[in-house]
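K.L.:
So that we are looking at the same thing, I have put the structure below in structure tokens.
The values are calculated or read from the model by the stated rules, or taken from the named source; none is laboratory data. Just so we're clear, the structure is a prediction, and the values are computed from it rather than from any experiment. Reconstructed Cβ throughout: ideal geometry from the backbone, glycine too, with neighbour counts over all protein chains shown.
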Amino acid sequence: MSMSTAPFPVSPIAFIGGGNMASAIIGGLLRQGMRAEQIEVVEPWAEARERLQSQFGIAALPEAGPALARAALVVWAVKPQTFKEAAQAAREHTGAALHLSVAAGIRSDSIAAWLGSERIVRSMPNTPALVGKGMTALYARPAVTAHDRALVERVISTTGEFLWVQEEAQLDAVTALSGSGPAYVFFFLEAMTEAGLEMGLTREQAHRLAVGTFVGASELARASDEPPEVLRQRVTSKGGTTYAAISAMQHDGVNALFIKAMHAARQRAKELGDEFGSA
């Protein structure tokens, strides 16, 4: 689901980390009417700070400081392995804020311990957020209020769609499915493009055909009430060209291998929480 409701709060939104996912959310906020001066960013890398300044007009800080205390919401857009250190550096300034984590794998128990706060929402976004077509799953700890949820929804909806999950463990499955999912699409796009080249198309022709096919098929699946299995069967006439392709993939166990790969992604998400999430 997605939404657009009340105006953004006057209090700043702070971002710890200014990489791709932070940039996706910041860009969405600015497009929806938030002002650059309402956004605080802490980003240790000078190159990333320069990019934020040139792209958004935001003067990012190299380290956490008292300015963070003004933030109604703090978005944690750091790498899992640096989350604990970043949290310890910022916690004295962010005690009154709602916290939204977009870091893969790091569980809310760890975040709560590092920050000394229970108002934590964990999310699992994906890279199409960069073009406003993201799919984000959200999990809230019990202390998160309805007002807090509405604020998070308002922010995340600027990057695409969202859904809430009831159990935090489900976010590992979300990571495997939609979080890592764009890479699976790109993987198949690579293969389709290479096949097109082998069959006599130019790279530009093959790429355009492959991308257009994914976009169209995805929109058809979104618009249809029927499951993908039925949609697939409708274009797979027995003895036809699609039948030949699907049969070849089924013979080689592509479906089972694909499912196995997503289980591997889910397992790695769990490992990240164990590896970097100790309090």
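K.L.:
Only one of Val211, Val230, Val185, Val235 is hydrophobic (A, V, I, L, M, F, W, C) and farther than 28 Å from Gly160 by Cα. Can you tell me which?
P.N.:
So the residue among Val211, Val230, Val185, Val235 that is hydrophobic (A, V, I, L, M, F, W, C) and farther than 28 Å from Gly160 by Cα is Val235.
K.L.:
Here is a follow-up. Residue by residue through the range 190-204, note down the ones that are in a helix (DSSP H, G or I) and either polar (S, T, N, Q) or touching an Asp or Glu at 6+ places or on another chain (Cβ under 7 Å) (or both).
P.N.:
Thr193
K.L.:
Which one of the conditions (1) in contact (Cβ under 8 Å) with a residue 60 or more places away in the chain; (2) of a type in the set (Phe, Trp, Tyr); (3) in a helix (DSSP H, G or I) does Phe187 fail to meet, given that it meets all the rest?
P.N.:
Phe187 satisfies every listed condition except (1).
K.L.:
For the range 66-105, which positions are out of contact with any strand residue (DSSP E or B) (no Cβ under 8 Å at 6 or more places or on another chain) and assigned to a loop (DSSP other than H, G, I, E, B)?
P.N.:
Correct list: Lys79, Gly95, Ala96, Gly105.
A quick yes/no check of all residues on (1) under 18 Å from Gly19 (Cβ atoms); (2) among the polar types (S, T, N, Q); (3) modelled with pLDDT of 95 or more:
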| site | (1), (2), (3) |
| --- | --- |
| Glu118 | no, no, yes |
| Val121 | no, no, yes |
| Leu130 | yes, no, no |
| Met135 | no, no, yes |
| Val155 | yes, no, no |
| Thr158 | yes, yes, no |
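K.L.:
I'd like the full set of residues that are over 12 Å from Ala176 (Cβ atoms) and either surrounded by 12 or more Cβ atoms within 10 Å (Cβ to Cβ) or not small (Gly, Ala, Ser) (or both), limited to the range 255-270.
P.N.:
Hits for the range 255-270 are Asn255, Leu257.
K.L.:
Further, regarding this structure: Being surrounded by fewer than 18 Cβ atoms within 10 Å (Cβ to Cβ) and over 29 Å from Val185 (Cα atoms) narrows it down to one of His93, His147, His99, so name that one.
P.N.:
One residue alone meets the criteria, His147.
K.L.:
Residues of the range 1-25 being touching a strand residue (DSSP E or B) at 6+ places or on another chain (Cβ under 6 Å) and modelled with pLDDT of 90 or more, which ones?
P.N.:
Result: Ile13, Ala14, Phe15, Ile16, Gly18, Ala22.
K.L.:
Looking at Glu63, Glu85 in this structure, which one is under 30 Å from Ala173 (Cβ atoms) and either of a type in the set (Asp, Glu) or outside the structural domain of Arg119 (by TED's automatic domain parsing) (or both)?
P.N.:
Working: Glu63 fails: under 30 Å from Ala173 (Cβ atoms).
Answer to the selection: Glu85.
K.L.:
Say whether the condition of being under 30 Å from Arg122 (Cα atoms) and assigned to a helix (DSSP H, G or I) is met by at least one residue in the range 205-215.
P.N.:
The answer is yes; a qualifying residue exists.
K.L.:
Testing Gly132 on (1) buried (at least 19 other Cβ atoms within 10 Å of the Cβ); (2) within 18 Å of Ile26 (Cβ to Cβ), one condition comes back false. Which one is that?
P.N.:
Every condition holds for Gly132 apart from (1).
K.L.:
Residues Gly239, Gly273: which one is more than 32 Å from the chain's Cα centre (by Cα) and either touching a residue at least 12 places away in the same chain (Cβ under 8 Å) or in a loop (DSSP other than H, G, I, E, B) (or both)? Don't jump to the end; show me each part of the working.
P.N.:
Values: Gly273 fails: more than 32 Å from the chain's Cα centre (by Cα).
Just a single option satisfies the conditions, and that option is Gly239.
Residues checked against (1) under 30 Å from Ala87 (Cα atoms); (2) of a type in the set (Ser, Thr, Tyr); (3) touching a strand residue (DSSP E or B) at 6+ places or on another chain (Cβ under 8 Å):
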| site | (1), (2), (3) |
| --- | --- |
| Gly216 | no, no, no |
| Ser224 | no, yes, no |
| Glu229 | no, no, no |
| Tyr243 | no, yes, no |
| Ile246 | no, no, no |
| Gly253 | no, no, no |
| Ala256 | no, no, no |
| Lys260 | no, no, no |
| Glu275 | yes, no, no |
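K.L.:
If Ala245 satisfies all but one of (1) assigned to a loop (DSSP other than H, G, I, E, B); (2) modelled with pLDDT of 95 or more; (3) among the small types (Gly, Ala, Ser), what's the number of the condition it fails?
P.N.:
Condition (1) is where Ala245 drops out.
K.L.:
I would also like to ask the following. How many residues are out of contact with any helix residue (DSSP H, G or I) (no Cβ under 9 Å at 6 or more places or on another chain), surrounded by 13 or more Cβ atoms within 10 Å (Cβ to Cβ) and hydrophobic (A, V, I, L, M, F, W, C) when one looks only at the range 199-237?
P.N.:
The qualifying residues number 0.
K.L.:
Among the residues of the range 163-205, which ones are among the hydrophobic types (A, V, I, L, M, F, W, C) and farther than 30 Å from Glu153 by Cα?
P.N.:
Within the range 163-205, Phe187, Phe188, Leu189, Ala191, Met192, Ala195, Leu197, Met199, Leu201 meet the criteria.
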